[in-house]
């Protein structure tokens with residue numbers, strides 16, 4: 001096992017640093033599974049019931065030309081594979097703009113490298129720049145001219161930057177001008193165009209920042225801005241019925257069938273959710289206070305106003321909610337698996353619990369409005385009867401947090417799938433080129449963290465989960481038990497309120513010298529030698545233990561899910577050549593080592609030149625190698 005890991009690490013290192021005569025340059029990737037998830041953007045060709053596009057959070061752009069039955073990748077040759085937005089030109093459906101970088105903010109997301117355009121329905125692409133915009137959450141195109149487009153650029157969120165706000169092109173993307181900018185901490189979360197007057201646009205700007213120790217959403221930079229001259233000048237829409245600052249993330253939509261109707265979904269904390277204007281954005285009124293319309297605003301905040309009904313609006317979020325009366329009331333939408341009442345039967349309510357799960361983007365055909373799409377953490381859903389039934393599609397785009405392998409021949413691959421289950425599958429099947437979905441099985445833990453197999457016994461797998469949970473499974477009988485360091489779950493508490501600060505992806509490491517010795521990290525290094533029955537703390541707090549990094553995450557909307565825990569051991573490995581030499585890296589920038597199995601520790605952070613203060617380390621160990 002150790003030789004295999006070292007060989008993999010050496011091979012990847014050579015691939016990273018070889019400049020010429022790379023012996024691996026002709027190697028090809030092949031898909032082995034598991035079936036995927038995490039669709040962050042969707043769109044279809046207007047009026048054509050056969051053509052659909054789906055953008056993956058980290059798996060590129062996919063196209064179907066047969067109504068959603070078969071899909072193929074059309075973006076694999078591009079340098080960014082995280083898709084934030086898709087826009088098809090209303091006047092020429094072969095022209096497609098794609099913005100990269102996932103707009104659904106959390107600590108484990110991908111950034112992009114700007115915007116792309118295709119003039120042939122996705123066959124070929126040109127990179128149009130805006131490389132530093134980080135995340136592009138929405139693109140709108142002039143209905144009469146495919147060369148005029150506006151981009152809502154969020155920015156990366158990890159640092160103050162100028163590449164945020166609204167950008168405009170009038171020459172098909174050859175050049176871009178930043179036409180709306182508030183400050184270096186505020187990006188554009190959404191933009192909408194008047195269906196009757198393309199020179200009238202409204203943008204939602206969002207002030208936010210992401211740090212290792214949490215996100216902060218909201219501030220004076222957030223707000224609604226309007227232009228009446230095609231983007232040359234903008235004015236903040238202040239007062240007129242809108243909530244006072246501070247505001248957070250904002251979604252804004254004109255109703256395609258009524259240019260006077262505009263909706264704004266606004267993160268306010270606890271001061272309301274949905275505002276409506278009936279005079280094109282001149283004045284507004286609060287129509288709905290329900291937090292279900294934009295629960296966890298940083299991760300959702302999206303609207304779809306149906307093309308043929310200004311009162312019918314969908315709100316994709318954890319579940320999928322809808323209003324049929326212009327926002328005054330809202331209910332959960334009927335979804336796959338729900339029992340839909342017949343036309344002469346009273347609707348008894350939704351029995352299924354919402355479309356998909358973690359729904360992000362939604363689209364309806366402006367020419368055939370009963371045709372709809374949803375992009376969620378579960379995949380793509382397509383309806384051709386206005387949501388009365390749905391076809392669910394899973395693309396090969398699974399997001400896997402970390403990868404490990406076992407010692408069998410051929411070896412199996414292990415990993416935790418985001419918003420899915422812990423996965424194990426074969427790297428190849430003798431006598432068969434295809435690896436079927438049924439050959440992937442679940443192991444220990446849940447959607448987060450590490451999945452680590454015992455090097456001496458392939459049937460024993462250790463897996464992590466959020467809220468400080470660690471599990472151990474024996475695959476011979478499927479028996480799984482919790483072996484968590486501390487029994488109290490940490491979901492909902494901040495880092496300063498828990499005894500053991502176990503991050504969303506807490507490390508698990510098996511000793512290369514004794515497979516019965518397993519380590520995991522909180523702010524301490526913990527060790528078990530009896531299959532998790534008991535744990536021994538073998539280090540002091542190895543972090544800065546800075547209280548200023550242990551508060552609530554989220555800003556206006558508190559969101560403590562352990563993703564944001566700082567002051568944790570984030571990288572952990574024992575030396576394969578010296579028993580008892582254990583290295584630990586923390587996500588507040590500390591690197592510590594023990595050479596006596598934890599009896600004493602030395603902080604070696606100062607020996608690393610140029611290391612930024614409070615930075616996160618790369619993962620240690622041979623299961624992941626990163627080119628830097």
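A short reminder: the numbers here are calculations on the coordinates, not readings from a lab. Model, not experiment: these values are computed from the prediction. Methodologically, a virtual Cβ is constructed for each residue, glycine included, from the backbone with ideal geometry; neighbour enumeration extends over all protein chains shown.
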Q | Largest-first principal axis extents, alpha carbons of the chain, Å | A | 72, 60, 57
(Q) Averaged across orientations, what area in nm² does the convex hull of the alpha carbons in region 355-437 project? (A) 7.1
**Q.** Label-to-label distance, nm, for residues given as residue 428 and residue 279 (7 Å Cα→Cβ offset)
**A.** 7.1
Q: Express the Stokes-Einstein translational diffusion coefficient of region 413-479 in µm² s⁻¹, to the nearest whole number, given a Kirkwood radius over alpha-carbon pairs, 20 °C and a viscosity of 1.002 mPa s.
A: 173
Q. Zone of residue 488 (label point 7 Å along Cα→Cβ, backbone N under 17 Å): which residues in region 440-481?
A. 467-470
(Q) Please rank 261, 291, fewest neighbouring Cβ atoms within 10 Å first, as an exposure proxy. (A) 291, 261
Q) So, how do all the Cα-to-Cα distances of region 96-236 break down into 10 Å bins, in percent, from 0 on up? A) 13, 45, 32, 10, 0
Q) Based solely on its DSSP helices, what 222 nm [θ] is calculated for the chain when runs of n ≥ 4 H residues each add -39,500 (n - 2.57) and the sum is averaged over all residues, nearest 500 deg cm²/dmol? A) -1000 deg cm²/dmol
Q) Using the beta-carbon distance between residue 456 and residue 26 and R0 = 56 Å, what value does 1/(1 + (r/R0)^6) give for FRET efficiency, to the nearest 0.05? A) 0.95
Q) What are the semi-axes of the equivalent ellipsoid for region 216-263, taken as the square roots of 5 times the Cα gyration tensor eigenvalues, largest first, in whole Å? A) 21, 14, 10
Q: For region 282-328, just say rounded, prolate or oblate: build the C-alpha gyration tensor, square-root its eigenvalues into a ≥ b ≥ c, call rounded for a/c under 1.5, and beyond that prolate if a/b exceeds b/c, oblate if not.
A: oblate
Q: Sort region 163-288 into rounded, prolate or oblate with this rule: let a ≥ b ≥ c be the square roots of the eigenvalues of the Cα gyration tensor; rounded if a/c is under 1.5, and if a/c is not under 1.5, prolate when a/b is larger than b/c, oblate otherwise.
A: oblate
**Q.** Residues 579, 606 arranged by fewest to most Cβ contacts within 10 Å
**A.** 606, 579
Q: Figure the gain on full extension for residue 514 and residue 595 (residue separation times 0.36 nm, minus the Cα-Cα span) and round it to one decimal in nm.
A: 27.6 nm
Q | Inter-probe distance in nm under a simple model that places probes 7 Å from Cα toward Cβ, at residue 92 and residue 124 | A | 1.4
Q) Which residues in region 474-489 place their backbone N less than 20 Å from a point set 7 Å from the Cα of residue 530 along the Cα-to-Cβ direction? A) 474, 480-488
Q.
Given axes a ≥ b ≥ c from the Cα gyration tensor, I'd like to know whether region 468-627 is rounded (a/c under 1.5), prolate (a/b larger than b/c) or oblate.
A. oblate
Q: Neighbouring Cβ atoms within 10 Å as the yardstick, rank 367, 180 fewest first.
A: 367, 180
Q.
Given a Förster distance of 60 Å, report the FRET efficiency between residue 409 and residue 240 from their Cβ-Cβ distance, rounded to the nearest 0.05.
A. 0.30
Q.
Report the Rg/Rh value for region 49-118, based on alpha-carbon coordinates and the Kirkwood definition of Rh.
A. 0.98
